[in-house]
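Enquirer: Structure below; questions to follow.
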Amino acid sequence: MLKLIAKRMGLMVVMLLGLAVITFTVANIAPGDPARLAAGPDANQEMVEQIRVERGFDRPLPVRFVLYIEQLLNGDFGTSVYTGRPVAKDIAQFLPATVELVLFSISIAIILGVPLGVIAAVRQNRPIDHAIRLLSVSGVALPMFWLGLMLQWYLALNLDLFPLGGRLGIFSDVPEPITGMISLDAVLRGQFAVAGEALWHMILPATALSFPALAAIIRVNRAEMLEVLGRDYVTNARAQGIGPWRIIAVYSLKNAILPTLAMIGLRFGWMLGGTVLVEGVFDFPGLGLYAAKAAISSDFEPIMAVTLTLGAAFMLINLVIDLLYAVLDPRVRNQI
């Protein structure tokens, strides 16, 4: 197990280095003058040149990349032109909101997706199976931002059932931070009304964000359940008079859940990137909205930092999924 972890951590370092090369190159060949942007619209040419020298923008690109890597190793992501603060502090502020939204979204996808996949497999080619498959196809076909806009238009504006966006109401007091996730902090502080309000604000964005993951989990779980239900040991269990729900829950789902687990891990990582669209639609102050505003302002250091942060999170999630695979599947564990 330790050998697997060490191997994957080494691979993560190589992949993050490659990601740093790509993001740094794209940010530095993109149109625009970062020195002029940092100096502001009222700065004269002398001030721009002074900032160019101070920030190292006058140095060759390879030298700047080496300095950038040294900066990253020291935990310094640079300074945001958009906020005027260190990027590391901005990420520490906005990342918990994104993690909270993604955790809520993936929970919705798992809680609904796994049972629906099982039901569709058990009731194969029946009306309920066709309805569930239609739902899964819709999850692939509908863009998240469009679904978010439709949810806002109908459920928030027309029916006034949910708030349009944000994390809390205008007059609500944000609980003193512990984790940065408002719903969890409110529970830890005993402010249960605030926790409920925070969850209520997340329902629409989490629904839009979870829909593609829900569709993928349904499809994978249904396919795996159909394969497992057709195996000999399941037929033998039926012949022995074992109840159908015991066969499904104990004999079938246990084996079918492993590929579904891999899909959950992949979708969790994709959700972290998908928050850029959903947070923008719902004005949800997370890392995605922060990156979008930085991109509009041509503020490249936050964009590079967000890309590396989400890339590292995606790789860590896949490492956790691999470890769970090894724990749950003896065949994988014996190969380590």
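The values are calculated or read from the model by the stated rules, or taken from the named source; none is laboratory data. All figures in this text were calculated on a predicted structure; none of them were measured in a lab. As a convention, Cβ positions derive from the backbone with ideal geometry for all residues, glycine included, and neighbour counts pool all protein chains shown. All accessible areas refer to the heavy atoms of the entire protein, side chains included, with ligands and DNA or RNA removed. Shrake-Rupley method; radii C 1.70, N 1.55, O 1.52, S 1.80 Å.
Enquirer: How much mean residue ellipticity at 222 nm does the chain get from its helices, if each DSSP H run of length 4 or more adds -39500 (n - 2.57) and you divide by all residues, to the nearest 500 deg cm²/dmol?
Expert: Details: 14 runs with 244 residues, N = 336.
So the helix-based figure for the chain works out to -24500 deg cm²/dmol.
Enquirer: With label points built 7 Å along Cα→Cβ from the Cα atoms of TRP146 and ALA88, find their separation and express it in nm.
Expert: Distance between label points: 4.3 nm.
Enquirer: In nanometres, what is the gap between the two model label sites at ILE29 and ARG231, each 7 Å from Cα along Cα-to-Cβ?
Expert: Result for the modelled spin labels: 4.9 nm.
Enquirer: What order, most packed first, do the peptides 7-19, 145-157 have when packing is the mean number of other Cβ atoms within 10 Å of each residue? Show your work: numbers first, answer last.
Expert: On the way: 7-19: 12.8, 145-157: 16.0.
Result, highest mean Cβ count within 10 Å first: 145-157, 7-19.
Enquirer: Could you grab the Rg to Rh ratio for segment 224-336? Cα atoms only, Kirkwood for Rh. Each step should come with its number before you reach the end.
Expert: Numbers: Rg = 21.0 Å, Rh = 17.2 Å.
Rg/Rh: 1.22.
Enquirer: Taking the Cα centre of segment 72-192 as origin and charging only Cβ (+1 Lys, Arg; -1 Asp, Glu), how large is the dipole, in debye to the nearest 20? Kindly include the intermediate steps, with their values, before the conclusion.
Expert: Details: 7 positive and 8 negative charges, 85 e Å.
The dipole magnitude comes to about 400 debye.
Enquirer: Just to be sure I understand: if I project the alpha-carbon convex hull of the chain onto a plane and average over all orientations, what area do I get in nm²?
Expert: Values: hull surface 90.0 nm².
In nm², the orientation-averaged hull projection of the chain is 22.5.
Enquirer: Round to the nearest 0.05 the FRET efficiency obtained for MET47 and VAL327 when R0 = 56 Å and r is the Cβ-Cβ distance. Mind showing how you got there, number by number?
Expert: Numbers: r = 59 Å, r/R0 = 1.05.
It comes to 0.45.
Enquirer: Okay, moving on. Using a probe radius of 1.4 Å on heavy atoms only, what accessible surface per residue do you get for the chain? Whole Å² is fine. Provide the component values of the computation, followed by the final result.
Expert: Values: 18040 Å² over 336 residues.
Roughly 54 Å² per residue, with all protein chains present.
Enquirer: Pull out the extension gain between VAL63 and SER138, defined as 0.36 nm times the separation in residues minus the alpha carbon to alpha carbon distance; nm, one decimal.
Expert: Working: separation 75, 0.36 × 75 = 27.00 nm, distance 4.85 nm.
Contour length minus Cα-Cα distance gives 22.2 nm.
Enquirer: Can you tell me the 0 to 90 degree angle between the C-alpha axis of helix 287-296 and the longest principal axis of the chain, rounded to 10?
Expert: Relative to the chain, helix 287-296 is tipped by roughly 40 degrees.
Enquirer: Under 17 Å from a label point 7 Å along Cα→Cβ of SER107: give me every residue in segment 194-234 with its amide N that close.
Expert: 194-211, 214
Enquirer: Continuing with the same structure: Counting only protein heavy atoms, what percent of the accessible surface of segment 206-290 is carbon or sulfur at a 1.4 Å probe? List each step's numbers first, then the result.
Expert: Details: 2190 of 3530 Å².
About 62 percent, which is the carbon plus sulfur part of the accessible surface.
Enquirer: I need the trypsin sites (Lys or Arg not before Pro) found in segment 73-158, filtered to DSSP loop residues with at most 14 other beta carbons within 10 Å of theirs. Let's see the in-between values first.
Expert: On the way: sites: LYS89, ARG123, ARG133; in loops: ARG123.
Within segment 73-158, the qualifying trypsin sites (Lys or Arg not before Pro) (loop, at most 14 other Cβ atoms within 10 Å) are ARG123.
Enquirer: Could you work out the per residue convex hull volume over the alpha carbons of segment 67-142, in cubic angstrom?
Expert: On the way: hull volume 11.6 nm³, N = 76.
Hull volume normalised by residue count: 153 Å³.
Enquirer: What is the angle, in °, between the Cα long axis of helix 253-282 and the longest principal axis of the Cα atoms in the chain? Nearest 10 is fine, range 0 to 90.
Expert: That helix lies at roughly 30 degrees to the long axis.
Enquirer: Here's a follow-up. Can you compute 3J(HN,Hα) from phi for each residue in segment 299-310, using the Karplus curve 6.51 cos²θ - 1.76 cosθ + 1.60 with θ = phi - 60°, rounded to whole Hz and x for Gly and Pro?
Expert: For segment 299-310, the Karplus curve yields 9, 7, 5, x, 4, 4, 5, 5, 4, 5, 5, 5 Hz.
Enquirer: Bin width 5 Å, origin at 0, all Cα-Cα pairs of segment 166-206: what percent of pairs per bin?
Expert: 5, 31, 34, 22, 7, 0
Enquirer: Under 5 Å between amide hydrogens, which residues at least 5 positions from THR79 or on another chain qualify, with H placed 1.01 Å from N in the peptide plane?
Expert: The answer is VAL87.
Enquirer: Taking the alpha-carbon centroid of each part, what is the distance from segment 113-159 to segment 163-222 in angstrom?
Expert: Distance between centres, Cα-based: 20 Å.
Enquirer: What shape does segment 137-226 have by the C-alpha gyration tensor, where a ≥ b ≥ c are the square roots of the eigenvalues, rounded means a/c under 1.5, and otherwise prolate means a/b greater than b/c and oblate the rest?
Expert: Details: a/c = 3.25, a/b = 1.58, b/c = 2.06.
In terms of gyration-tensor shape, oblate.
Enquirer: Regarding segment 248-302, what's the average projected area of the Cα-atom convex hull, expressed in nm²?
Expert: Details: hull surface 21.3 nm².
Mean projected area of the Cα convex hull: 5.3 nm².
Enquirer: Let me ask you something else. Semi-axes of the equivalent ellipsoid for segment 100-159, please: Cα gyration tensor eigenvalues, times 5, square-rooted, ordered largest first, whole Å. Could you put the intermediate results ahead of the total?
Expert: Details: eigenvalues 126, 49, 21 Å².
Over the Cα atoms of segment 100-159, the ellipsoid semi-axes are 25, 16, 10 Å.
Enquirer: Moving on to the next point. With a point put 7 Å past each Cα toward its Cβ, work out how far GLN240 is from LEU155 in nm, to one decimal.
Expert: 4.4 nm
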